[in-house]
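**Q** One structure follows; several queries about it will come next.
Every number here is computed from the coordinates shown, using simple stated rules; none is lab data. Please read all numbers here as calculations on a predicted model, not as lab measurements. Here the Cβ is made from the backbone with ideal geometry for all residues, glycine too, and neighbour counts use every protein chain on show.
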Amino acid sequence: MKKHWYKLFALASFLIPFALYWFTKTTSLGFADAGEFAIVTKIAGIAHAPGFPAYVLSGWLFSKAALIFTGNHVLSMVLFSTLCNAAASLLLYLASVKLISHFAGMQKEVSLSTRLSSFGAAISFATGYTVWHWANSVEVYAFHLFAFSLLIYGLTFYNFEKGKLYLAIAATGLAMALANHHLTVIFFLPFIPFFFTENFFNPAQPVQKSKKNVIKKQGYFSVLLSREFRFFILITAAITILFYGWMFIRASQDMVFQFGQPDNLSRLFYHLAGGAWQKNTVTRTEGLVALRFPYFTMLLVKHLFLFIPFATAGFVFLFQKKMKTLAYAVLVYFLLLFVYQLRIDQTADTDAYLLLPFFFFGFPVAAGIYFSLQKFFWIRFALPVWVVAQIAFYFPLQNKKDFNVSESLMRQLDECTPKGAVLLISDWTLVSQYNYFRFGENFRPDLTLLNYDLKFTNWKLLPFNFPQLYQYIKPEYDRFIELLGITHPQEIYNTGCTLNTPELMNAYINTVLKIKSYCRKRNLAFMSDPKAYLFLKEYKVYGNESHMSGMFISDKSTTLGKSFLSLPFKWLHSRQLLSEPAATDKIVDFEAALEFSKSYYRLLNDTASCQSAEKSYLFIKDLQKKLKANMPFVYRSKGK
């Protein structure tokens, strides 16, 4: 086959996904950790455990260069994710070509069937439901997928060609993954030695009682002592240490945002071990697996979708050819992560844990397409139709143009808050997004917006970012931090605020009351979101008279925020929302704000505002029914 076909298929494997991702992107930050990752890549800061230094440093460097073309950090990071995911598609194509060429017995000339089956596997992967969802977000997962694709590409080519360059590529990919979302790639480590054995991509040899075959049977373990494997491990370790070493040094510097401070061995170990999120992996929540199983099983079906027949045919082909090791490696790796994420008591992001197993599924899909092409000639004409049909079906579902989350939330924040207001907010999405837009884009620097645990993700942030407020509340705040540090030493550097002693609770309430005194002295509004308000009212921080100010509750009338009553958020009507677990907390927050608004405006005899709040409240309740039907595990009773 002529060389230009190689270039055409390879180019299409990259450009088609890139175009799809780019034209379905949003320039708005999404829920959960998007605001955090936007700010840490903007300032080269410290992200939540395990720190993701490979993503933070690479994203920071990329954004510096890309700003020439994009003019915007968020858009630069969306472009970064898009390029990473498209590159993963290309690497899957190249690795599949190598694999299928081996099946076909081709050493130099590669057939159209080989190219076509590899291209089909790459595009089916790239347009898979979960893959596409995370491909153009300000998140770590596209970069993580790229790192894993480098690992698989390098190991596959090394298996056939034994070149040290491919080992170096694979080691670089593994190091980037270990210095990113390390847990999901740690599950893959036991499968890596198979790529160093001779029979991983070859039919299994019959076992005989001969010395030669006994050595082959022990090949997996002998690999661990080989010179090539040591070379691979050495490069991996060196690059991984460089990334985490950078994070360790960077953590000792003060900055406008840092999640944790892994600048000594104790805090570094805590950060690498998962930090505050460790509890999600060890707690047992009754009925959680049963609630999550249908949803995450459906994600596999949605990923493979029209290519399920080819995936099935691929596994049949691998077993027929006696390549059981490869087939079992794909299945076992998927099952390990599938079972692991089923038992995580976490609502957001765990679908992305399956991205790496979905990539590995590309090999059986490619084998299945090739096998089918040999049996049925007409499939070479039908395959493009399969690809186009999958793209056409998922395009409207993955179109994020109307998913204007941070844009609309910041607009409402602006409209609901008077100048100089101090806000205590429980919603992680809003707090993290504001931190990015304030310190990254100089948005509303007059506001003092704090997480309702006061310290947010590091006790140093309040003194560093709000020195005037800190000077006023210094005795109370320092006492609160001192007591929290004694009782829960890691929490003063991370999220979390366990107020489980009377002394600690009193110190916290005294600090909040001093903040309120600061507001009174300067005639500033003291405001909270509904969840924080209910907590603070219980401890009499708020009196009987409170006022609605859009989506917030204020201790003084502001006459602002009535636009919130009509819910001016495009994303509430987006199809994206129905598969976005991280959005549900914000929906609950809206529900509470609207419920308070109904009572508030009814007392004021403001019929029009009351009716507007009632209409929006009913809309939110109906939306919650749809979300619960689609994602029941999100709405489980806490602790059950």
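**Q** If you split all Cα-Cα distances of region 381-508 into 10 Å bins from zero, what percentages do you get per bin, shortest first?
**A** Using 10 Å bins, I get a P(r) of 11, 33, 23, 14, 9, 7, 3, 0 for region 381-508.
**Q** Now a separate question. May I ask you to evaluate 6.51 cos²θ - 1.76 cosθ + 1.60, the Karplus curve with θ = phi - 60°, for each residue of region 18-35 and list the ³J(HN,Hα) values in order in whole Hz, giving x for glycine and proline?
**A** Rounded to whole hertz, the list is 4, 5, 5, 5, 5, 8, 10, 7, 10, 8, 9, 6, x, 7, 6, 8, 4, x.
**Q** About the Cα centre of region 405-635, how large is the charge dipole given +1 on each Lys and Arg Cβ and -1 on each Asp and Glu Cβ? Please answer in debye to the nearest 20.
**A** It comes to approximately 360 debye.
**Q** Jot down the radius of gyration and Dmax of the chain, Cα atoms only, both in angstrom.
**A** Looking at the chain, its Cα Rg and Dmax stand at 26.8, 93 Å.
**Q** Go ahead and run the numbers for FRET between residue 628 and residue 186, Cβ-Cβ distance against an R0 of 30 Å, rounding to 0.05.
**A** Between residue 628 and residue 186 the formula returns 0.35.
**Q** So what's the net charge close to residue 483: Lys and Arg +1, Asp and Glu -1, counting the other residues with Cβ under 13 Å from its Cβ?
**A** With Lys, Arg at +1 and Asp, Glu at -1, the net is -3.
**Q** Could you work out [θ]222 nm for the chain from helices alone, using -39500 (n - 2.57) per DSSP H run of at least four and dividing by all its residues? Round to the nearest 500 deg cm²/dmol.
**A** Helix-only estimate at 222 nm: -20500 deg cm²/dmol.
**Q** For region 405-635, what is the largest minus smallest coordinate of the Cα atoms on each principal axis, given in angstrom and ordered from greatest to least?
**A** 46, 39, 37
**Q** Per-residue counts of other Cβ atoms within 10 Å, averaged by peptide: what ranking do you get for 535-541, 298-304, highest first?
**A** Per-residue mean Cβ counts within 10 Å order the peptides as 298-304, 535-541.
**Q** With contacts defined as alpha carbon pairs under 8 Å and 6 or more residues apart, what's the relative contact order of the chain in percent?
**A** Relative contact order here is 16 percent.
**Q** Residues with beta-carbon under 13 Å from that of residue 253, excluding residue 253: net charge, scoring Lys, Arg +1 and Asp, Glu -1?
**A** Here the charged neighbours net out to 0.
**Q** Rounded to the nearest 20 Debye, what is the dipole magnitude of region 474-584 about its Cα centre when Lys and Arg each give +1 and Asp and Glu each give -1 at the C-beta?
**A** 540 debye
**Q** So, R0 is 45 Å and r is the distance between the beta-carbons of residue 11 and residue 517; what FRET efficiency does that work out to, to 0.05?
**A** 0.10
**Q** So who's got an amide H within less than 5 Å of the one on residue 542, skipping anything under 5 residues away but keeping other chains? H placed 1.01 Å off N, in plane.
**A** Residues meeting the amide H criterion: 537.
**Q** Hey, another quick one. Full extension from residue 197 to residue 380: what is 0.36 nm times the residue separation minus their Cα-Cα distance, to one decimal in nm?
**A** Fully extending the segment from residue 197 to residue 380 adds 62.6 nm.
**Q** Can you tell which of 573, 174, 130 lies farthest toward the positive end of the dipole of the chain, using +1 and -1 charges on the Cβ of basic and acidic side chains (Lys, Arg; Asp, Glu)?
**A** Looking along the dipole axis, the top candidate is 174.
**Q** Along the charge dipole of the chain, Cβ charges K/R +1 and D/E -1, which of 344, 28, 120 sits furthest on the positive end?
**A** Selected residue: 120.
**Q** Taking 0.36 nm per residue of separation and subtracting the Cα-Cα distance, what length does fully extending residue 540 through residue 162 add?
**A** Difference between extended and current length: 129.0 nm.
**Q** Place the peptides 38-44, 557-563 in order of packing, highest mean first, counting for every residue the other Cβ atoms within 10 Å and averaging per peptide.
**A** Peptide ranking by packing, descending: 38-44, 557-563.
**Q** So what's the gap between the Cα centers of region 218-235 and region 51-81, to the nearest angstrom?
**A** Centre-to-centre (Cα) distance: 35 Å.
**Q** With both bridge residues required to lie in the chain, what share of the DSSP beta bridges run antiparallel, to the nearest 5%?
**A** Beta bridges within the chain, antiparallel portion: roughly 40 percent.
**Q** Summing +1 for each Lys or Arg and -1 for each Asp or Glu, what net charge is found among the other residues whose Cβ lies under 11 Å from the Cβ of residue 27?
**A** Once all neighbours under 11 Å are counted, the net charge is +2.
**Q** Mind checking the dipole of the chain: about its Cα centre, +1 per Lys or Arg Cβ, -1 per Asp or Glu Cβ, Debye to the nearest 20?
**A** It works out to roughly 1940 debye.
**Q** Please list 10-18, 518-526 highest first by mean number of surrounding beta-carbon atoms within 10 Å per residue.
**A** Order by mean packing, descending: 10-18, 518-526.
**Q** Given 630, 368, 288, which one lies farthest toward the positive end of the charge dipole of the chain, if we put +1 on the Cβ of every Lys and Arg and -1 on the Cβ of every Asp and Glu?
**A** So the residue we want is 368.
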